[in-house]
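Read the structure below first, then the notes.
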Amino acid sequence: MRTAYRVEDVRAAERALMARVPEGALMQRAAAGLAAACGQLLGKVYGARVALLVGSGDNGGDALYAGARLARRGAGVTAVLLSPERVHGGGVAALRGAGGRVVDGSGDLPGAGGAVLRADLVVDGIVGIGGKGGLRPGAAELARAAEESGALVVAVDLPSGVDADTGEVRGAAVRADATVTFGAYKPGLLVDPAREYAGALRLVDIGLGGELSAYAPAVEAPQYADVARLLPVPGGESDKYRRGVLGVVAGSARYPGAAVLAVAGALRGGAGAVRYVGPAADAVIARFPEALVSAGPVPKAGRVQAWVVGPGLGDGHGDAGERLRDVVAADVPVLIDADGLRLADASAVRKRGAPTLLTPHAGEAAALLGVERAEVEASRLDAVRELAGRYAATVLLKGSTTLVAGADGGVVRVNPTGTAWLATAGSGDVLSGLAGALLAAGLGARDAGAVGAFLHGLAGRLAAEGAPVGAQDVAEALPAAWRDVRRG
Ligand SMILES: NC(=O)C1=CN([C@@H]2O[C@H](COP(=O)(O)OP(=O)(O)OC[C@H]3O[C@@H](n4cnc5c(N)ncnc54)[C@H](O)[C@@H]3O)[C@@H](O)[C@H]2O)[C@@H](O)CC1
Ligand SMILES: Nc1ncnc2c1ncn2[C@@H]1O[C@H](COP(=O)(O)OP(=O)(O)O)[C@@H](O)[C@H]1O
Ligand SMILES: [K+]
């Protein structure tokens, strides 16, 4: 797992560690790691032009000490001080001692903008975990100049202007090509929209690990090995029932395709068998002769280990409402998606005894929360936690950096494999079948959601390879995604 910790926990761990090491040691470790990363990005340090954007706190201190190291290796380093009256004095002295220049960046001064525009590398040391809100106007202008200059932009600890704990970007922020972060990842580095501002991530070990073990991460991103451990691979004793039978209630006369895609996700995602119940049985059987189909009702469908309900149900008229109620009342794990989210009775969902996994996209989440879609997209971590609490369910919030939160308020999983190529009609239906198959195989709701999102994202990437794909292509690529994960 790639783990990210809250700022208050990082600070507490840093305090504990600082009490045991010589003063300034942590900043020197940070600066050494930062300078090394900058050197690698530049390729050749000697003769490179480096501009440091330096704020009033220790984030600026890191930038100054790293700048001093680069200057000693022959780079031409200019520090632009955003608040010259409040700056890390030791860092300025070190930079000057190494032959670096220092200019006033607090006003509309040509020296500051010029240094940025001429730079090969801009180091963003404006603010780190002490930042509040977006960049102030002067800093925002320099950040814009850095973006326009074509220079490589490296953020120190996190891109200035983004919220470290929430991943929110409420004002101007630095767009970095890479972020060198210290001690631990911060949630905002893994969760959009802030993640997009961070670029490639690099973690510098400053010795914080032991101290951090006293705290639980706020966010974790599963990696290949984590997912490989959870994949339900059949063994010698397996039969189709033990692998997991998934019931699917999806599709309608108007939207038969949603049923086909959910069944596709389930069968390619490892279900031992799929029982489809609903009006799209003909379409399902035509595409997947291996599916077991019936028109209903749900209680007569036969035994299943989990249900998926919702994709393409339409307005819930006719028998659809009854099928939905029957599934919500079932005592096996249930995944509710799409129209099912809108139509399900919230109190019936909350009262369920067996695990429940809700899989809204931002628009559906916004409707359930009674807020605007843009608010969910701006504040994804808050939204997913809030929904999980309200519904006493595990919630998978789809979109860029898909999140999975449990009702217990614990660590939120963030999916690292997503790709915007997945933003294509019906790909969510495939995910519902896939995650449903994982529930049927016996994974808990949080694991089923996280593993499902991981495989789905990987399948999207493998199918797309940089070109458009349809939802069926994503389903067809699921076995390749499985193989990829098992190979590690
Ligand atoms: N505490 C430690 O042990 C270590 C801290 N390190 C660095 O220290 C940083 C945290 O330092 P600080 O606590 O001094 O905080 P920061 O340097 O992140 O920023 C705090 C300063 O920025 C100002 N500020 C806040 N929001 C602003 C905004 N939107 N625009 C402009 N100015 C703003 C504040 O008034 C304050 O003076 C970390 O991010 C990391 O880079 C590293 O040196 C590693 C060790
Ligand atoms: N910008 C994006 N980056 C990564 N993944 C995305 C993005 N936009 C959408 N997706 C993914 O695409 C899928 C779309 O699902 P959904 O919105 O339910 O579509 P549909 O209802 O058409 O199936 C989800 O898995 C979602 O996470
Ligand atoms: K920064």
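Results, tabulated for the structure shown:
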quantity: About the Cα centre, charge dipole magnitude for the chain (Lys/Arg +1, Asp/Glu -1 at Cβ), debye; calculated: 900 debye
quantity: Rough spin-label spacing in nm, given labels placed 7 Å along Cα→Cβ, for A367 and E147; calculated: 3.3 nm
quantity: Ranked packing of 73-83, 478-488, 333-343, most packed first, by mean Cβ within 10 Å; calculated: 333-343, 73-83, 478-488
quantity: Y255, Y241, Y185 arranged by Cβ crowding within 10 Å, fewest neighbours leading; calculated: Y241, Y255, Y185
quantity: Kirkwood hydrodynamic radius (C-alpha pairs) into Stokes-Einstein, segment 224-487, 37 °C and 0.692 mPa s, D in µm²/s; calculated: 185 µm²/s
quantity: Isotropically averaged projected area of segment 306-391, using the convex hull of Cα atoms (one quarter of hull area), nm²; calculated: 5.2 nm²
quantity: Options A283, V332, A75, ranked by Cα towards positive dipole end of the chain, top entry (Cβ charges); calculated: A75
quantity: Span per principal axis, largest first, for the Cα atoms of segment 140-218 (Å); calculated: 42, 23, 16
quantity: In Å, descending, principal axis extents of the Cα set of segment 2-221; calculated: 46, 37, 34
quantity: Sequence of L458, L53 once ranked by neighbouring C-beta atoms within 10 Å, starting from the fewest; calculated: L458, L53
quantity: Sorted largest first, extent of the chain alpha carbons per principal axis (Å); calculated: 81, 42, 39
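Only the coordinates and a few stated rules stand behind these numbers; no lab work does. Small disclaimer: the values here were computed from a predicted structure and weren't measured. Neighbour counts are summed over all protein chains in view; Cβ atoms, including those assigned to glycine, are modelled from backbone coordinates with ideal geometry.
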